[in-house]
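Report on the structure given below.
The values are calculated or read from the model by the stated rules, or taken from the named source; none is laboratory data. Here the structure is a predicted model, which is why all the values come from computation and not from measurement. Glycine gets a Cβ as well: all are built from the backbone with ideal geometry, and neighbour counts include every protein chain shown.
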Amino acid sequence: MFKILKRFFSTQNMVSKELSKGEITPTKEAYKTTVDMATPAVAEMVSISIISMIDMAMVGQIGAFAVAAIGLTAQPRMIFMSLFIALNIGVTAIVSRQKGAGNQDEAKLCMRTGILMSAAVAVVVSILAFFTARYFMELAGAQYDTLEPATEYFRILAASFLFTGLSTTICAAQRGIGDTRVTLMVNLPANIVKIIFNFLLIGGNLGFPAMGVAGAGWATVISAFVSFLLAVHSLTKKKSYLHTSLKDNWRPDYSMMKRIFKIGGNSAVEQLALRIGFFIYARIVAGLGTGAFAAHMIGMQLMHLSFTFADGIAAAATSLVGQNLGKKRPDLSMMYGKIGQRCALVVALFLGVASFLMRNTFPLIFAYEADVIIMASSVIIILGFLQPIQTSQIVMAGTLRGAGDTRFVALTMLITVTFIRPFVAYLFVYPIGWGLTGAWISIAFDQILRLVLLTRRFSKGTWAQINV
């Protein structure tokens with residue numbers, strides 16, 4: 001057994017002799033590089049997830065309707081944020097490749113261009129989100145007791161899109177050069193600020209008004225502004241690889257825009273496919289009622305926590321794959337992609353066991369209603385089995401994005417998330433009658449198919465030939 005595990009984790013067995021372009025990094029050194037880069041990213045994303053849980057728990061004190069109201073805004077918000085996510089994928093891929101090739105000026109140009117594009121997108125998105133808030137909440141399946149608070153919360157969130165868009169673009173560039181510590185130092189303080197203002201504004205403490213769900217919205221806006229200031233500050237340090245100032249050339253570079261759009265355009269399709277699929281899926285679950293949707297959102301909180309671990313590892317894999325492709329070492333890119341997957345698998349096994357053990361206690365953080373707690377516990381059992389599949393496919397997708405193979409990832413998401421998950425969810429929830437359990441079993445169909453498609457693509461190695 002030990003020999004099998006040793007062989008599985010050894011870097012010498014991750015790249016075939018035919019693909020090898022030189023000396024393969026020793027196992028201990030390669031894992032140390034990955035872990036050192038992934039740790040700040042994981043810490044950042046896990047902290048954000050925990051803050052989100054605390055946020056939901058604070059709102060949950062008002063009642064299940066408040067948990068459901070905020071939950072209804074999640075997918076509409078991500079539909080608008082998908083443009084930033086797609087743009088940032090392009091920025092990370094190009095910056096990492098230029099860092100590997102030693103082209104610092106090109107990396108800086110990409111970042112500045114990305115910031116300008118992000119600002120333009122933010123203005124349009126904020127206006128659209130504000131004026132379409134009620135329509136999206138109705139479309140998301142808001143009930144009579146959640147429509148008004150969900151609409152108000154979403155309109156407040158619209159004010160945060162500019163700050164969020166700019167800070168995430170800067171952090172995407174920092175991840176591209178492998179400096180994941182910057183994004184940790186940007187988001188951790190900002191999320192602590194969010195918790196403080198949640199305490200002050202949701203229930204009305206220390207003389208502040210009790211604003212309920214709206215208070216959680218304004219806490220998010222303040223937090224986004226803090227993260228924006230910290231992200232900008234990270235660029236003012238002269239020792240920073242991406243150091244920049246207002247004296248630099250900030251005129252739009254249309255050639256770089258095209259390069260970002262080449263990668264980000266495919267990612268935009270991917271993100272749109274994801275958000276449409278998730279939106280339809282959430283609408284199907286919302287049709288089960290406020291209590292079931294609240295239980296669903298509790299399960300999603302824990303699922304998002306496991307996602308953040310994988311996403312942090314994927315961030316490191318994305319950067320290392322891009323940098324080694326820039327160095328003309330696709331064999332090392334293949335190696336680091338596999339290392340990322342193995343690290344994610346180990347974490348997922350631990351989280352799966354932890355989820356099973358916490359299935360009855362975790363829901364108590366967010367809800368007091370007995371029926372909500374029972375439904376949430378059932379969901380968490382399914383999630384425990386899903387986590388190894390989920391984390392592996394997240395890292396595979398991140399690896400392919402780092403290589404610029406965003407078209408295939410987009411097509412995969414279109415098939416699995418936009419079509420497979422909603423169809424199977426509707427079938428299991430309503431005609432078969434499995435309710436919330438059926439909705440979560442449908443996630444398994446989506447995740448398994450996604451993992452198979454992405455792993456096969458990665459194994460072929462054609463992504464190493466893509467120019468960005």
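Would you confirm whether or not region 457-467 contains a residue that is farther than 21 Å from Ser96 by Cβ and at pLDDT below 90? Looking through region 457-467, at least one residue is farther than 21 Å from Ser96 by Cβ and at pLDDT below 90. Of the residues making up region 200-220, not a single one is crowded, with 20+ Cβ neighbours inside 10 Å, touching a Phe, Trp or Tyr at 6+ places or on another chain (Cβ under 8 Å) and within 30 Å of Arg97 (Cα to Cα). Just wondering, is there one or more residues in region 436-445 that are crowded, with 20+ Cβ neighbours inside 10 Å and more than 15 Å from His296 (Cα to Cα)? There is no residue in region 436-445 that is crowded, with 20+ Cβ neighbours inside 10 Å and more than 15 Å from His296 (Cα to Cα).
Residue check: Thr437 meets all listed conditions (1) closer than 30 Å to Asn467 by Cα; (2) part of a helix (DSSP H, G or I); (3) in contact (Cβ under 8 Å) with a residue 40 or more places away in the chain but one, namely (1).
Of the residues making up region 137-153, those that are in contact with a Phe, Trp or Tyr (Cβ under 7 Å, 6 or more places away or on another chain) and part of a helix (DSSP H, G or I) number 1.
Here's the yes/no breakdown for (1) buried (at least 20 other Cβ atoms within 10 Å of the Cβ); (2) not basic (Lys, Arg):
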| residue | (1), (2) |
| --- | --- |
| Asp248 | no, yes |
| Arg251 | no, no |
| Lys258 | no, no |
| Phe261 | no, yes |
| Glu270 | yes, yes |
| Gly277 | yes, yes |
| Tyr281 | yes, yes |
| Gly287 | no, yes |
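Please work out if Gly102 is farther than 22 Å from Arg275 by Cα and small (Gly, Ala, Ser). Yes; evaluated as a whole, the condition is true for this residue. Quick one: in region 363-376, which of the residues that are part of a helix (DSSP H, G or I) and in contact with a helix residue (DSSP H, G or I) (Cβ under 6 Å, 6 or more places away or on another chain) is modelled with the lowest pLDDT? Looking at the filtered set, the residue picked out is Ile365. For first residues located in region 131-149 and over 12 Å from Ala286 (Cα atoms), partners that are of a type in the set (Lys, Arg) and in a helix (DSSP H, G or I) and lie 6+ apart or on another chain with Cβ distances below 7 Å form the pairs Ala133/Arg155. Restricting to region 1-38, name every residue that is touching a residue at least 60 places away in the same chain (Cβ under 8 Å) and among the hydroxyl-bearing types (Ser, Thr, Tyr). Within region 1-38, Thr11, Ser20, Thr25, Tyr31, Thr33, Thr34 meet the criteria. Between Val395, Val417, the distinction of being in contact (Cβ under 8 Å) with a residue 60 or more places away in the chain and either outside any helix (DSSP H, G or I) or within 29 Å of Ile24 (Cβ to Cβ) (or both) belongs to Val395 only. Only residues that are of a type outside the set (A, V, I, L, M, F, W, C), assigned to a helix (DSSP H, G or I) and over 30 Å from Ser442 (Cβ atoms): list them for region 290-346, please. Residues satisfying the conditions are Ser319, Gly322, Gln323, Asn324, Gly326, Pro330, Asp331, Ser333, Tyr336.
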